[in-house]
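One structure is given here, and the rest of the page talks about it.
The values are calculated or read from the model by the stated rules, or taken from the named source; none is laboratory data. Bear in mind the structure is a predicted one, so any value in this text is a computation, not a measurement. So basically every Cβ, Gly included, is an ideal-geometry build from the backbone, and we count neighbours across all protein chains shown.
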Amino acid sequence: MPESTTHAVAVVGAGPAGLFATRALAAAGCRVLLLNRDIKPGGLAEYGIFLNKYKMKGGLRRQFSKILTDPRVTYLGHVAVGESGPLSVPALRAAGFDAVVFAIGAQGTKYLGIEGERLPGVYHAKDLVYHYNRLPPFSERHFPMGRRVAIVGVGNVMVDIANYCAHFCECEEIIAVARRGPHEKAYDDREFEDVEDAFDRDAYRREVERIRPRLEAAGQSADELLKALAARPEAEDRCRARLTFRFLASPQRVITEGGRVVGLEIEETRLARKGERISAVGTGEISRIPCDTVVFAVGDRVDESVGLPYREGLYVTAPGAEQDPAAAYQVWDPAQGQPLADVFVVGWARRASDGVVGRARLDAETGIKHILKILGSRPTRAPAEAERPVTKIMHELGKAGARPVTYEEVLRIEAAERERARRDGVEEFKFASDEDMLALLSS
């Protein structure tokens with residue numbers, strides 16, 4: 001080990017937040033053990049970016065490779081940390097790391113609490129995105145898409161789901177459903193260019209006119225929306241599917257007949273202004289959007305089964321972040337009324353579904369600055385001593401019968417995938433199951 005080693009830190013989660021946190025820790029001389037649930041690193045950068053954005057994914061993989069080949073860093077994939085995994089939070093803490101940083105993203109499912117949202121033909125965006133990006137075990141499950149798909153939510157994830165439906169499925173109509181109006185849409189206009197060839201402009205104009213009175217009652221301009229539409233270039237070629245919007249519509253229940261989805265019941269809403277905030281208020285008027293598939297793209301929540309203190313979709317962090325920004329990253333134990341001195345959260349594990357790769361990176365790097373300041377007040381270790389908790393975790397995983405995957409083995413998997421893609425004449429190939437990847441490593 002390099003003589004600059006000062007502290008031993010475990011980072012849980014190898015998505016963008018975990019990888020950039022690891023880089024910042026290693027750059028400060030820390031000995032880092034990076035644990036990841038999935039066999040391959042990358043998280044949403046590998047399994048969340050749209051499936052055909054190969055150049056973007058390739059650039060991120062090259063960045064991550066530099067982090068993962070740092071001699072201060074040990075990567076172990078196929079290691080789930082949590083109540084149902086081979087390594088629990090108490091066992092990880094008991095190994096003796098100076099800090100444990102959770103960067104596991106928002107892996108829980110956010111439900112709206114409406115009737116029918118867990119039925120067949122109803123999906124949550126995260127699961128579907130993982131499926132078409134071939135993340136096991138989601139890649140092994142079936143997600144049949146119907147001809148008429150309602151997507152609840154109007155953020156960038158909605159655009160990705162619409163892109164998938166329009167260009168990789170046999171969908172004929174995609175309806176984006178929003179509780180509020182077009183002025184509150186959360187997707188990026190550049191991202192929307194990917195579905196411009198499906199966007200039904202005439203239907204959009206009619207929808208703006210339909211809700212014009214409600215927009216104007218809230219001080220919003222319908223004409224401004226129509227002018228912005230006219231200024232946008234149209235797609236030269238049209239795809240088979242058409243993308244429409246239904247604004248000011250709050251989902252109430254998924255309608256089924258004979259076990260099949262036939263529609264989404266919505267309540268019409270109006271806009272209410274509270275200071276700078278615009279909220280949707282139900283009008284009591286109920287209507288129905290015919291559809292045979294529903295996808296909820298309404299964000300996610302953290303996974304409460306990990307074993308960290310949890311409240312209302314988030315891991316609990318220390319109070320007083322206004323006075324001490326580091327508190328926002330320190331996990332808090334409400335039962336004891338004190339922080340878990342060695343446990344921290346960064347990225348989406350701290351603020352679920354907040355931004356994209358760049359935001360996760362910034363939050364991780366900011367969090368690590370605070371964590372390094374805290375570690376600066378704690379005793380340092382000799383290199384051999386910093387190695388002890390890493391060795392102990394390897395021993396614990398062996399006792400649990402786990403099969404951790406090293407980064408060198410990940411490189412073997414990726415080389416085999418590239419060779420398979422070359423042989424099949426496709427841009428990218430990914431093994432669809434953990435078993436396939438582990439079998440390759442055993443051959």
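Is it true that residue 359 is part of a loop (DSSP other than H, G, I, E, B) and under 30 Å from residue 59 (Cα atoms)?
Here the answer is no, as residue 359 does not meet what is asked.
For every residue, the table says whether it meets (1) surrounded by fewer than 18 Cβ atoms within 10 Å (Cβ to Cβ); (2) not assigned by TED's automatic domain parsing to the domain that holds residue 197.
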position	(1), (2)
245	no, no
251	no, no
283	yes, no
291	no, no
294	no, no
306	no, yes
312	yes, yes
337	yes, yes
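Taking the options 388, 381, name whichever one is within 20 Å of residue 36 (Cα to Cα), in contact (Cβ under 8 Å) with a residue 40 or more places away in the chain and not small (Gly, Ala, Ser).
388
What tally of residues in region 228-285 results from selecting those that are part of a loop (DSSP other than H, G, I, E, B) and of a type in the set (A, V, I, L, M)?
Kept after step one, since they are part of a loop (DSSP other than H, G, I, E, B), are these residues of region 228-285: 232-241, 247-248, 258-259, 275-276.
With the extra rule that they be of a type in the set (A, V, I, L, M), the set shrinks to 235, 241, 248.
Qualifying residue count, region 228-285: 3.
So, in region 296-327, exactly how many residues are of a type in the set (A, V, I, L, M, F, W, C) and without any contact (Cβ under 8 Å) to a residue 40 or more places away in the chain? If you could, list the steps in order and put the result at the bottom.
Taking region 296-327 first, the residues of a type in the set (A, V, I, L, M, F, W, C) are 296-298, 302, 306, 308, 314, 316, 318, 321, 326-327.
Cutting the leftovers down to without any contact (Cβ under 8 Å) to a residue 40 or more places away in the chain gives us 314, 316, 318, 321, 327.
Adding up the residues that qualify gives 5.
Would you confirm, using the coordinates I've provided, whether residue 204 is part of a helix (DSSP H, G or I), crowded, with 23+ Cβ neighbours inside 10 Å, in contact with a Leu (Cβ under 8 Å, 6 or more places away or on another chain) and among the hydroxyl-bearing types (Ser, Thr, Tyr)?
Values: part of a helix (DSSP H, G or I): yes; crowded, with 23+ Cβ neighbours inside 10 Å: no; in contact with a Leu (Cβ under 8 Å, 6 or more places away or on another chain): yes; among the hydroxyl-bearing types (Ser, Thr, Tyr): yes.
For residue 204, the condition - part of a helix (DSSP H, G or I), crowded, with 23+ Cβ neighbours inside 10 Å, in contact with a Leu (Cβ under 8 Å, 6 or more places away or on another chain) and among the hydroxyl-bearing types (Ser, Thr, Tyr) - is not met.
Exposed (fewer than 15 other Cβ atoms within 10 Å of the Cβ) and more than 30 Å from residue 129 (Cβ to Cβ): is that true of residue 341 in this structure?
Yes.
Could you tell me which of the residues 355, 401, 347, 376 is surrounded by fewer than 22 Cβ atoms within 10 Å (Cβ to Cβ), at pLDDT below 95 and on the phi > 0 side of the Ramachandran plot?
Result of the check over 355, 401, 347, 376: 355.
State yes or no: is residue 366 part of a loop (DSSP other than H, G, I, E, B) and within 30 Å of residue 343 (Cβ to Cβ)?
It is false that residue 366 is part of a loop (DSSP other than H, G, I, E, B) and within 30 Å of residue 343 (Cβ to Cβ).
Among the numbered conditions (1) touching a residue at least 24 places away in the same chain (Cβ under 8 Å); (2) farther than 19 Å from residue 45 by Cα, tell me where residue 141 comes up short.
The one condition residue 141 does not meet is (1).
Return the pairs, sorted by first residue and then second, in which the second residue is part of a loop (DSSP other than H, G, I, E, B) and of a type outside the set (Val, Ile, Thr), the first residue lies in region 210-225 and is closer than 18 Å to residue 279 by Cβ, the beta carbons are less than 7 Å apart, and the residues are 6+ apart or on different chains.
Note: pairs meeting the criteria are 211/181; 211/247; 211/248; 214/248; 215/181; 220/181.
Filtering region 128-148 down to residues that are of a type in the set (A, V, I, L, M) and in a loop (DSSP other than H, G, I, E, B), which residue is surrounded by the fewest Cβ atoms within 10 Å (Cβ to Cβ)?
Here is the first cut: in region 128-148, the residues of a type in the set (A, V, I, L, M) are 128-129, 135, 145.
If we keep only those that are in a loop (DSSP other than H, G, I, E, B) too, we end up with 135, 145.
Details: 135: 23, 145: 20.
The extreme case among them is 145.
Taking the condition among the polar types (S, T, N, Q), assigned by TED's automatic domain parsing to the domain that holds residue 71 and under 27 Å from residue 53 (Cβ atoms), does residue 366 pass?
yes
Can you find a residue that is within 21 Å of residue 97 (Cβ to Cβ), within 25 Å of the chain's Cα centre (by Cα) and not in a helix (DSSP H, G or I) anywhere in region 394-404?
Scanning region 394-404, I find at least one residue that is within 21 Å of residue 97 (Cβ to Cβ), within 25 Å of the chain's Cα centre (by Cα) and not in a helix (DSSP H, G or I), so the answer is yes.
Restricting attention to region 170-197, which residues are in a loop (DSSP other than H, G, I, E, B), in contact with a strand residue (DSSP E or B) (Cβ under 8 Å, 6 or more places away or on another chain) and under 14 Å from residue 145 (Cβ atoms)? Full working, then the answer.
Our first condition is that a residue be in a loop (DSSP other than H, G, I, E, B); within region 170-197, this holds for 170-172, 178-181, 185-188, 196-197.
Cutting the leftovers down to in contact with a strand residue (DSSP E or B) (Cβ under 8 Å, 6 or more places away or on another chain) gives us 171-172, 178-181.
Within region 170-197, 171, 172 meet the criteria.
Exactly one condition in (1) closer than 26 Å to residue 29 by Cα; (2) loosely packed, with under 13 Cβ neighbours inside 10 Å is not met by residue 79; state its number.
(2)
Yes or no: residue 45 touching a Pro at 6+ places or on another chain (Cβ under 9 Å) and among the hydrophobic types (A, V, I, L, M, F, W, C)?
Yes; evaluated as a whole, the condition is true for this residue.
Give the number of residues within region 405-443 that are touching a Gly at 6+ places or on another chain (Cβ under 9 Å) and not in a helix (DSSP H, G or I).
Looking only at that region, the number is 2.
May I ask you to say which residue of 260, 246 is under 19 Å from residue 185 (Cα atoms), more than 24 Å from the chain's Cα centre (by Cα) and not aromatic (Phe, Trp, Tyr)? So that I can check it myself, show each step before the final result.
Details: 260 fails: under 19 Å from residue 185 (Cα atoms).
That would be 246, the only listed residue that is under 19 Å from residue 185 (Cα atoms), more than 24 Å from the chain's Cα centre (by Cα) and not aromatic (Phe, Trp, Tyr).
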